[in-house]
Each structure stands twice: as structure tokens, then as C-alpha cells.
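S.K.: Starting off with a structure, shown below.
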Amino acid sequence: MPAAQKPMRYGHTEGHTDVCFDDSGSYIVTCGSDGDVRIWEDLDDDDPKSINVGEKAYSCALKNGKLVTAVSNNTVQVHTFPEGVPDGILTRFTTNANHVVFNVDGTRIAAGSGDFLVKIVDVADSSQQRTLRGHDAPVLSLSFDPEDVFLASASCDGSVRVWQISDQTCVVSWPLLQKCNDMTNAKSICRLAWQPTDGKLLAIPVEKSVKLYRRETWSHQFDLSDNFISQTLNIVTWSPCGQYLAAGSINGLILVWNIETKDCMERVKHEKGYAICGLAWHPTRRQISYTDAQGSLGLLENVCSSPSRTPGSKVSSREEKDYNDLFDGDDTSNAGDFLNDNAVEIPSFSRRIINDDEDDDDLMMASGRPRQRSHILEDDENSVDVTMLKTASSLLKEEEEDDQEGSIHNLVTSQRPLYEGPLPTPRQKPFQPGSTPLHLTHRFMVWNSVGIIRCYNDEQDSAIDVEFHDSSMHHATHLSNTLNYSIADLSPEALLLACESTDELASKLHCLHFSSWDSSKEWLIDMPQKEDVEAVCLGQGWAAAATSALLLRLFTIGGVQKEVFSLPGPVVSMAGHGEQLFVVYHRGTGFDGDQCLGVQLLELGRKKRQVLHGDPLPLTRRSYLAWVGFSAEGTPCYVDSEGIVRMLNRGLGDTWTPICNTREHCKANSDHYWVVGIHENPQQLRCIPCKGSRFPPTLPRPAVAVLPFKLPYCQIATDKGQMEEQYWRSVTFHHHLAYLADNGYEYEESTKNQAIKAQQELLMKMLALSSKLERDFRCVELADLMTQNALSLAIKYASRSGKLMLAQRLSELAAGKAAELAAASVEPEEEEDCRKKLSAGYSNTAPEWSQSGLKNPVEDDAEDSGEADDAEEEPEAGLNSFCKSANFSDVPAKAGAVISSSQGRVNPFKVSANSKEPGRSVNSPHSSNILDNMTKSSKKSTAVHRATSSEKSPVIKPLIPKPKSKQVSAASYFQKRTSQANKTEEQKEENSKNLSSEAPAISHENVENQRPKTGFQMWLEENRSNILSENPDFSDEADIIKEGMTRFRGLSAEERKAWTNKAKGEAAADEAEAKKRKRVADASDETKIQEEAAKENLNLPKKQKPLELCTNQKLSAFAFKQE
């Protein structure tokens, strides 16, 4: 006879409710969202006693005359029962307590709240508290172990944990539930329960079944399910005897199973289909009291009371059916006779043999259907044949029932060894970057740098709203979601949507190409049968979709199908930016809570190539992938669930560098940051702060916060650690400039110059700090990272600090770096330029700083000390005083001041070495320094320099050329070169002959020596026809040069060297002939240049009045600091 369902009655206002019985079963106690606790004598009680405990009551528990409630004022209160007198507050939380339970003897309570904490409090002395930490989201439910050893808890973070109460440690954790940010958004409140008396099994409602786990071993024993279950189960409760288990679903279905037979004994449907949120079994009778989400109270009577449903009869019939399946043909009758003859004894015996609690080989599957015969007939150490069953049957007839079971169990069973190693980790499901969970009715489908896509899926409306950050790009759009789209991506060109397949419809990919210039702006593609789209992304002119068939399909933005290729594993997420496609997938099964992910990075331009070939994706221990995408500059990045942001380091072999830990900026453990974008210049991490959750709600509109980046360097509190972190962060965040240059993108040259300037300043500060700490070897290591100009300044700082050995080491390092730079250069012309410019600093001429005018000693000492201090604070402030020559006037030490002479900008405070500054003595007291063997050639006059600039517009380049792009570099390489390099070379020759002259002799203005051909030029002339024949579309010289440089670099080192030597041989012959012509023209050239210089000086009246040298130097330093 089925259970009798009494009509439900009003109990509380609409909302979450809870129910329990008192110890004797005389009263039913309920609580609800109206803040009242009501005490009912029975369901027909028209005047229940009511106790107001607060604004809302979320949970109640009753034991030993103590009524405990979890109230909305973040407290757990105690009242006497049945009087209802307040008896104090047991504990407090920072947010609402969601569930409260008693232990078996009623001495302690456990409460879980929305601040991720679980507290165990002694009822008699509330000061005795234990706090369990480990959940990453609000706690849903709790259950005490009957033996008071363990406590089970379920949380919105998707995990179910078992805690050891004595030492407050987590024994085991299972990721079973869907993740959410709060109990109100949870698909199931997951009210789990331990089996009474011995606590052998822990029942957990998961989706449409109840999972049962064994105590101590924590192994999954079996599942309880039923074909009538259509919605998620919400709550479970045991009968006091532990033989039956009741469960309630979110659509109002109540089921009762027999644990021994795993049969569903009762199925009762809620009269209105409301969610069951409270379920309690009467302590002595066959009654179940329940409450729903609308505040109503109901009662089931005569639960499992039919004689036809006694455990013995059910098990006997079930075992007979199972054993009949073991045999075929004639053997069936014999087996049937055997089982029929022992219809009473065999069930208990067979359960001990086949369905032993220590054995996982149950005859019944989770669905309640019998297993396949092959599973039962499989031989292993626990197999039992018919002969053994007959032997056991004879033994059963000779002894009493209790002794029979014990002896037979010892005869025929053996304990299977337990595996105690790491367990496999469930694979992370596919997700779309910048989206919130699918089960939410109002959710973000995408939030990225382009815009926001919101999805509304409720009873009133099912729609998609698209909003753009830049409204000039496209107006906001409202779309109907009739096909139930669940995946989306947004780019400046299009909107891409995808939906799962159904029984009638295939999975679809829908694109709205709003940047199209024609009238047809939409296209729709159906996926093949049994193939669902799991992830999508958009790039520049292309779209990609990863499917459940482990395929990645590429499309043009207009809907043309392109390449299709297989993925090595199930996709996790994808992102696109420009021509780059970033794919993350499962490369294997992770263990011990770790995910095993791989990554592919492809470039889908004209020359398609794969940058990352399935490399492992590093994640924090026991974390999962939370966000994946690109920075605004095009560098791949991702974030894991522990808040660690990592970025691809292109300068270190495409490795992943952690650049930020968002958890360091969270005020509470329950807070998180939801990343929406990353910018490298300026360095900004754009994210949304989420208080008490992992993702934001759609309403009200979340505010975006900006977090700084910080690399995880050691001793970050010290000056040394801070400067090291700042330097390497600057280096890491400017690798994208080289990538842009290599791929032909335009970028601001000033950005690169400012970055180099800041990096060199940090290196100089670190060198000064190391020098003060007597770490000379460390100084040399830091100097190895410097540019040539910064290294020259470091040499000056070392010499003025009295560290002559360090200065000598730095000088040797400078010479070695110059040699390495020359050897590594592909272009012979740049190789010669670097060697000539650097060799000028190591001639036998005294350095120019030793040729300063006569000054009084006080001014000299003050200036030296001031410059030394400035060297520590502003390493690049001003020109290197060792290198004040025409050569280094073209190489400002401040990288930010690198300009082209065609712009007409010169430093107005620079002191020119013209004829109006006589009296420079070669014999200076500073010449006794160890650096006396270093020198620079004399500086050209400002007038001559300006005349040259106006006539031929030479390009001012730093020592190490840093072109804007490869095309610009190649084009400028083959331009007709001005005679500046030749002028510099001839000037050095003149200065070596006239060391004691007061003014520099310039006699090269009219010399128009042709630039000698390089090895690459000769190779290009010979192979130009081949390049044009293979690339007929090349019309621009820059394209030919770029292709030629690529091929030339592909030659072996011996071949390149041969071309270089060949070019040098021709250049030597040309140079000899040029020197003959030069001797004849020297006299006339010198006269003409002096006349032009005098004429130019007449046009510069503002530069005629000389200033004092010390004043000039102070103004110069001030001017460079202002820049």
C-alpha cells in the first residue's frame, strides 16, 4: 500500500523553509523566510505556537530541549523548547548562516555560512568553538557523523568535503556539484546525511541520483536513482533505523529507497510541483514531514508499511532474478531449484558474498537495473561459483543464522586491498572566457574589451542583449533567444553565437557580421549530427568553433568554411586576437585535484604557423582554468582559480610568467576578482571585484577596477627586490614591441624609448646600490644588462667613486660587448659602424672631460660631487661626459630623447666645441685616472652640424639600431647614405694627427665617397631575379628587401662570411683609390668648410655669447631631467 499524502497547509510566507521533529516526535517544528519558528502538534493544528527569531530564519534544529536557529542577522540563536524563551547566541558570522545541525547526543552544533566558514560550537559553553576553513564559496549544508568523528559539508564551490573534527582537517573532497556564487543561485541545496547508528554510508544528492560513499575508505559504493526523476534532487534524509533513504527534488518529487535492495519503495509527487527544501523522518513512526519553497507544510503517512514491501521478500525475488541471469539453457532450471530451495537463507548469504560492503562489485548498477552477465561472471579473487554456494547452503542448514553468516563470510570472501594513492581529478568542463555559469537565469555570456553580452532566460523572456563599450562601433542590440544560445563571443567585426543540439535540432553556429558592407549581415551553419559546439572565438577576419568531436573548425567572418583540424583532447576554452588563435584543451587526466591541460597557439595570417605545439599549461596546485585571452597588445594570458595571472614571455622561449596575484588584493577569503581584460601599456589588470562570490551579478551593473601587476620576486620589501621586480616587469611587458615589429605592425617608437630609459635608470640605481654594499661582482653582472651609453656612465660612476678595479672591469666589459655586437650583426655595414664608434672611445687621446676649461678648484669639486650624486638618481640624465664628441652627440644617453635630425630639434643648452671656447688644456689633473687611455674625437661645431643637417638630413641613430619595423629598417638600409659615417671616420684620422690643436679641423664636408657594397647587397643583386620570379606580386622595394633578408639569414654562417669577405675585398680597393683623391682635395676642402662655418655662425646670433662652463653644465643637466 503506497504512502498516504495529506493535504498541504500554509506554514510560512513564500521562500526557503526547514522542518524537524522533536526527540519524541510529538511536535513538528518549522521555520521560514518570515522569521518565525512554528511548533505544530500535528498537521491539523490550527493554532501553532509561533516564535519570532529575526527577519528570516534559514535553518532550525532541535535536540534535548534546545531549539537552534540560523537567523538573517548572521547569528545562530538558542531558544528553550517548547517554551520558546531566548537562551543566548551560540556564534556569529560575517554573513548569513545557511544551515545548522546537532550532533547525535545534542552537545554540539555545526553551522555553515556564506563567508565560506564552518563552525563547531559546544552548546553548553559557546566559547568552545572550532572553525573549519577550506571551502571557496558559501556553505550549503552540513551533517554530523553519528560517531562524532567526522563532519560532512557541501558548498557552492562545487565540492563536498569530509572533515576530521579532532584536528579540523579535510579528509576527502569530492567535486560533485555545480558551482555558484550564493545559496540563492544554487541549483540544489544538497542537504546530505549520514546513515544513523553506525554512520557506515554518507548519502549525497547529486543531479538526478543519490551517491553513497563508504565511511573510512571514502570509496563510492553505489548510486540510487529512478526513472521518474526528471529534475535535480535537493535533499536526503535517513529513516531512524537506517534501512530507508528518502529524497526530495526541486520539482516536488519525494522518493524512498530500500538501501539493501536499492529498490524505490515510494514515489510521491507534490500537488503543485514546488521544490522540496525541508524533509524530516519521524523518530518512531513511518511518517515523513516536508516543506516546500512556497512555505507550505506537508505530511506522508504509512511510508514503506506494506507487507509486500518487506526487505526480505524484495531481496529474495531480486536475488533470484539476478542469479537466474547467470545461467543459460538447461542450467537455468537447476539454478532456480537451488535458489528456491534456499529462499530464506540464501539472500543474506549471497549479499555477504557478492554485495559485500567492502566490495565494489555490486550486482546492481546506479540506475537500479541488474548488471551485465559478463560483469558477474568475471573471475577475480572474490569470485564465487555455484559449488561454493551449495557448500555454503549446507553449512547454513547446520548452524544458526548469526553464526552462519559470520563463518561463511570468513570462508568465501577476502578483503580487497585499498588504493591509497592520488585519485583522478574530474575534467573541467568547457567554458567561454568572461562568462558566468550556465545554470543562472540572468548571466553574462561574454564580457571583454569590445562589449558585454547578457542572457536572460526565465519564464517571461528569453533574450540576449549586446552592449558595446564604444557606442560609435555599433549600437546596442536586443536579440530573441529562441534557439537557446549558450555560447557567445564578441569582436569589433561580428557577434558569434552557438547552441547545443537537441533531439530535433542540430547544434548551430550563428554569426552577426555587423561590419559587413553588404545588406546580408547574418549567416547560420548547422554542425554534423551528434557534434556540439563547445567553444567559439573571433579574430580579425575569421571565426573558430571547437566541437565535441575533437575538431576545430575555421570560418571566414563572412561564413566561408576554411581549414578543419583535430584537437589532441577535449577543448576547455579558446580566445582569438588579430591573427592569433589560443586553444586550451585536456591533454590527459589530472590527479590529486590538478588539471592536466595543454595549449596550442596558432597564427592564421598568410603564413600560417604554430607557435605553441601542445605545451603543458602551468596551473596552481589544485586549481582550474578561470579565464583565457589576450592582452590589448596581443600577448596570450590566462588566469586560474587561485587568482594567479600568467602571461606568455616571448623573450624567454615562450614560457609563462606569473604577473599578478589577485588574491593579494582581496579583503576577505570569500572575495574574488573576475578578470575582463589586460593591458601592457599602461600596465593594467581590468577586473570586477566580487564580494563573497567568484563572479558578478548582471544587476546592478558591476564596476570595473584596475589592479597593478607585480612579479613574484623575493624580498620585495627591500630596495634591491623592488628595483629587480620593476626592471624585469618592464622588460617582460615590452616584449610585445619586438613581436609587433617582426610582424609588420606599427607602434609608437617613443614607447620603446621610454621603456629603455626606465630600464637603464633602474640598472644604474641597482649598480649604485651594489657598489655601496661592496658588491663589485654584482655590479659587473648588472652592467652586462646595460646599453653602451649606460655602461659608459657606469664606468664614470665607478671611477669617481674610487673603485678603479671595478672601472677597469667595466671597461673590459664594454670592449667585449662591442666585439660581440659587431660579430653578431648580420649587416656588415652596421658591424663596421659599431666598431668604429666604440673604438673611438679607446684611442690614445686624452678624454675630452680632461680638456675642460680653467675653473677654480671649489667649482670643480662641487661639480664632481653633484654629477656623482646625479649618476645614482638619474643614470641617464645627460650625455656621458666621457663621450662628448661628434660621434656620441648622435647617441643621447636618454633613450626618450632619440629624435630625427629632420625634425630640426637640437638641445639649446648643449655646449658646442667651437672656436669661441679656447683654452682647453690637454694636461688636466683628471688625466691621471685609470681611464686616461680612453678618448673621444673632437666635437664638430654646431654650425657645421646644422649645415649638414639642412643639406642632407642625416638620420640620428642610437648605437644599437632599433628600427620602427622590419620594413622601415630594410628600406633605410638601402637608402642613399649621407657622408656622415665617412665624415666621422675622417674626423678621427684628423684628430689623431692634431692632438694639441685648440679647435677641431674639419676637412671632409665636400667628400662624397660612395658607400661600399655589403655582402648582403651583393647577394641580393645576384638573387633579385629569383625573388621576383617566385613572388611576382612584389612591387615595392621594401618587400623584396624583406624577403631577401629572410633568405640571407637562412644561409649558413660560412656562406654569409664568404659574401662579407667578398664585399670587403672590393671595398678595400675602393678605399685605397679614395685616399689618393683625398690627399689632393684636403687643402681646398678645409678652406671651404671654414668659410661655410663662419657664414653659419653669422646666422646664429643667440649662440654667440658664451656662458660659463659650470653654468652650461648645470643647465644641460636640468634640460635633460626635464625631458
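S.K.: Extension gain residue 301-residue 476, at 0.36 nm per residue separation less the Cα-Cα distance, in nm? All intermediate terms of the calculation are to be shown ahead of the outcome.
M.R.: Working: separation 175, 0.36 × 175 = 63.00 nm, distance 5.70 nm.
Extra length available between residue 301 and residue 476 comes to 57.3 nm.
S.K.: Which far-off residues, 5 or more places away or on another chain, put their amide H under 5 Å from the one on residue 462, with H placed in the peptide plane?
M.R.: 481
S.K.: With θ taken as phi - 60° and the coefficients 6.51, -1.76 and 1.60, list the Karplus ³J(HN,Hα) couplings across segment 761-776 in order, rounded to whole Hz; mark glycine and proline as x.
M.R.: Working through the residues one at a time gives 4, 5, 5, 5, 5, 5, 5, 5, 5, 5, 5, 5, 8, 6, 9, 5 Hz.
S.K.: What residues have an amide H closer than 5 Å to that of residue 113, excluding those fewer than 5 places away on the same chain, when H is modeled at 1.01 Å from N in the peptide plane?
M.R.: Residues meeting the amide H criterion: 98, 139.
S.K.: Per the Debye formula with a single identical scatterer at each Cα and no solvent contribution, what log10 I(q)/I(0) holds for segment 1-116 at q = 0.16, 0.17, 0.20 Å⁻¹?
M.R.: Here the Debye-derived log intensity ratios amount to -0.71, -0.79, -1.06.
S.K.: How big is segment 195-267 by the Kirkwood estimate over distinct Cα pairs, in Å?
M.R.: Working: mean 1/r = 0.0820 Å⁻¹.
Hydrodynamic radius (Kirkwood, Cα only) of segment 195-267 equals 12.2 Å.
S.K.: Keeping the other protein chains in place, figure out the carbon and sulfur percent of the accessible area of segment 660-765, with a 1.4 Å probe. Intermediate values should be presented prior to the final figure.
M.R.: On the way: 2640 of 5100 Å².
Whole-percent figure for carbon plus sulfur exposure: 52.
S.K.: Which cross-chain or sequence-distant (5 or more) residues have an amide H under 5 Å from the amide H of residue 677, H modelled 1.01 Å from N in plane?
M.R.: 686
S.K.: A further question follows. Rounded to a whole number, what % of the accessible area of segment 207-310 do carbon and sulfur atoms account for, probe 1.4 Å? Working shown, then result.
M.R.: On the way: 1510 of 3490 Å².
Whole-percent figure for carbon plus sulfur exposure: 43.
S.K.: May I ask you to give the percent of accessible area on segment 42-161 that is carbon plus sulfur, with a probe radius of 1.4 Å? The partial results should precede the final answer.
M.R.: Working: 1840 of 4300 Å².
Carbon and sulfur: 43 percent of the exposed surface of segment 42-161.
S.K.: In addition: For segment 708-773, which GluC sites (Glu not before Pro) are in a loop by DSSP, counting at most 11 other Cβ atoms within 10 Å?
M.R.: Numbers: sites: 724, 725, 746, 748, 749, 761; in loops: 746, 748.
Sparse-neighbourhood loop GluC sites (Glu not before Pro): 746, 748.
S.K.: Applying the Karplus parametrisation 6.51 cos²θ - 1.76 cosθ + 1.60 with θ = phi - 60° to the phi angles of segment 203-208, what ³J(HN,Hα) value in whole Hz is obtained for each residue in order, glycine and proline being reported as x?
M.R.: Per residue, the Karplus-derived 3J(HN,Hα) values read 9, 10, x, 10, 6, 9 Hz.
S.K.: Something else: In sequence order, what are the phi-derived ³J(HN,Hα) couplings for segment 636-649 according to the Karplus relation 6.51 cos²θ - 1.76 cosθ + 1.60 with θ = phi - 60°, rounded to whole Hz, with x for glycine and proline?
M.R.: Per-residue couplings from phi come out as x, 9, 7, 10, 9, 5, 8, x, 8, 9, 10, 10, 5, 9 Hz.
S.K.: What do you get for trypsin sites (Lys or Arg not before Pro) in segment 674-765 restricted to DSSP loop and a cutoff of at most 14 other Cβ within 10 Å of the site's Cβ?
M.R.: Details: sites: 686, 691, 694, 710, 720, 729, 752, 757, 765; in loops: 691, 694, 710.
Here the trypsin sites (Lys or Arg not before Pro) that fit, given the DSSP loop and packing criteria, are 691.
S.K.: Still on this structure: If you count only protein heavy atoms with a 1.4 Å probe, what accessible area per residue comes out for segment 406-528, rounded to a whole Å²? Before the final figure, lay out each step's value.
M.R.: Working: 6620 Å² over 123 residues.
Averaged over the residues of segment 406-528, the accessible area is 54 Å².
S.K.: Rounded, prolate or oblate for segment 662-725? Axes are the square roots of the Cα gyration tensor eigenvalues, ordered a ≥ b ≥ c, and the cut-off for rounded is a/c under 1.5. Don't skip to the answer; put the middle values down first.
M.R.: Numbers: a/c = 3.96, a/b = 1.84, b/c = 2.15.
It is oblate, given that a/c is not under 1.5 and a/b is not larger than b/c.
S.K.: Residues of segment 591-685: accessible area per residue at 1.4 Å, in Å²? Each step should come with its number before you reach the end.
M.R.: Numbers: 3880 Å² over 95 residues.
I get 41 Å² per residue for segment 591-685.
S.K.: What net charge is computed for the residues neighbouring residue 611, neighbours being all others with C-beta under 10 Å from the C-beta of residue 611, Lys and Arg scored +1, Asp and Glu -1?
M.R.: Result for the local shell: -1.
S.K.: Per residue, how much accessible area does segment 83-242 have with a 1.4 Å probe, in Å²? Can you show the working numbers first?
M.R.: Working: 5680 Å² over 160 residues.
Per residue, segment 83-242 has an accessible area of 35 Å².
S.K.: Further question on the same structure: Using the structure shown, select from 796/1057; 187/269; 710/796; 208/508 the pairs with a Cα to Cα distance greater than 26 angstrom. Before the final figure, lay out each step's value.
M.R.: Values: 796/1057 37 Å; 187/269 19 Å; 710/796 33 Å; 208/508 28 Å.
As for pairs spanning more than 26 Å Cα to Cα, those are 796/1057; 710/796; 208/508.
The values are calculated or read from the model by the stated rules, or taken from the named source; none is laboratory data. Here the structure is a predicted model, which is why all the values come from computation and not from measurement. Cβ coordinates were reconstructed from backbone atoms using ideal geometry, including for glycine residues, and neighbour counts include every protein chain displayed. Quick note on the areas: whole protein, heavy atoms, side chains included, nothing else; ligands and nucleic acids left out. Shrake-Rupley method; radii C 1.70, N 1.55, O 1.52, S 1.80 Å.
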